[in-house]
Amino acid sequence: MKIKITADSVIDLSPEMLKEKDITLIPLFITLGGTNYKDGVDVNPNDIYEFVEKNNQLPKTAAVSVDTFKAIFKKYVDEGYSVIHFDISSEMSASNSNAKIAAAEIGNVYVVDSRSLSSGVGLQVLYACDLVGKGLDAKTIYEKVLKRVNSVQASFIIDKLDYLYKGGRCSSLALLGANLLSIKPTIEVVGGKMIVGKKYMGSLKRALEKYVPDILTKYSNYDKSRIFITHTKIDNDIIEKVRELIKQYADFDEILETDAGCTITSHCGPGTLGILYYNDKGEN
């Protein structure tokens, strides 16, 4: 039976990757000033930057509805596909629970709770695509993907806390202190939730020079197949510096660079960068 990979729009894979692997995205909703837009379809990160600058408030994000999932899943199942679907962590959005409700009604749909976000979900999607290429059936692929869910290392370092403050995720005192001391916090995904990790002082470039080796040392049991550099609006020289640091401290077959989509942008703002990879030596 044919296999179709679908995912909600938080996976932050490039358009080229999506096309090459024939991955179908199901967009979350981004609300700007009371109007709903489809993530990556009729709204992009630049729209969010402009909206926040003009209105001094953040957009809101909303999950994909059960009915939308049902319509998409039914289309592919009716065409003879088994569907494997990926969502942002169920701790962060209702999309996963909505997808599971839809899948139970349609049948022949396997829904993965990634317990991650951004290209941390993208890693799992690409792993599933690798297994499709090996000729495995949908149920086997689903089971193999689930065994590795907790091995995804997903973390980001944030340049400025303005978006976190506007979103109620840090206090005015924390914002003031971070600005005065030039503190760059790390956000890590642990147990499907975002937590604050190590904090660095100084410029973003200097912070990243410490963050990259710290993460690669902390999570050193890496699967060398691939690593992502995923970022919001940031200078190319900083991205290249991170690429050099990864090569210096680890030996990945692929270093993939992607732009973060509307979800990460809405919560973290510009100047956010993370490295994301499997931390299990590829064993599952």
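The values are calculated or read from the model by the stated rules, or taken from the named source; none is laboratory data. In this text the structure is predicted, and so the values were computed from the model without any measurement. With ideal geometry, Cβ positions are generated from the backbone for all residues, glycine too; neighbour counts draw on all protein chains shown.
At pLDDT 95 or above and closer than 16 Å to Asp8 by Cβ, is that true of Ala138?
Judged against the criteria, Ala138 is not a match.
It is to be established whether one or more residues within region 81-101 are among the aliphatic types (A, V, I, L, M), assigned to a helix (DSSP H, G or I), surrounded by 19 or more Cβ atoms within 10 Å (Cβ to Cβ) and in the same structural domain as Leu136 (by TED's automatic domain parsing). If you could, list the steps in order and put the result at the bottom.
The first filter runs over region 81-101 and keeps only residues among the aliphatic types (A, V, I, L, M), leaving 83-84, 88, 92, 94, 99, 101.
From what is left, the residues that are assigned to a helix (DSSP H, G or I) are 99, 101.
After this cut, where a residue has to be surrounded by 19 or more Cβ atoms within 10 Å (Cβ to Cβ) as well, the list is 99.
Now restrict to residues that are in the same structural domain as Leu136 (by TED's automatic domain parsing): 99.
Yes, that holds for at least one residue.
Of the conditions (1) under 20 Å from Ser119 (Cβ atoms); (2) at pLDDT 95 or above, Glu209 satisfies every one except a single condition; which number is it?
(1)
So for region 186-197 (the condition being within 26 Å of Leu131 (Cα to Cα) and modelled with pLDDT of 95 or more), does at least one residue qualify?
Within region 186-197, the subset within 26 Å of Leu131 (Cα to Cα) is 189-192.
Now restrict to residues that are modelled with pLDDT of 95 or more: none.
No, that holds for no residue.
Can you confirm whether Ile48 is within 20 Å of Ile141 (Cβ to Cβ), among the hydrophobic types (A, V, I, L, M, F, W, C), surrounded by 16 or more Cβ atoms within 10 Å (Cβ to Cβ) and touching a residue at least 40 places away in the same chain (Cβ under 8 Å)?
Numbers: within 20 Å of Ile141 (Cβ to Cβ): no; among the hydrophobic types (A, V, I, L, M, F, W, C): yes; surrounded by 16 or more Cβ atoms within 10 Å (Cβ to Cβ): yes; touching a residue at least 40 places away in the same chain (Cβ under 8 Å): yes.
For Ile48, the condition - within 20 Å of Ile141 (Cβ to Cβ), among the hydrophobic types (A, V, I, L, M, F, W, C), surrounded by 16 or more Cβ atoms within 10 Å (Cβ to Cβ) and touching a residue at least 40 places away in the same chain (Cβ under 8 Å) - is not met.
Looking at the structure I just gave you, is Lys74 surrounded by fewer than 18 Cβ atoms within 10 Å (Cβ to Cβ) and outside the structural domain of Thr230 (by TED's automatic domain parsing)? Write out each step before concluding.
Details: surrounded by fewer than 18 Cβ atoms within 10 Å (Cβ to Cβ): yes; outside the structural domain of Thr230 (by TED's automatic domain parsing): yes.
Yes.
Only one residue in Lys38, Lys19, Lys75 is in a strand (DSSP E or B) and basic (Lys, Arg), so which one is that? Can you show your working first?
Values: Lys19 fails: in a strand (DSSP E or B); Lys75 fails: in a strand (DSSP E or B).
None of the other options fit; the residue is Lys38.
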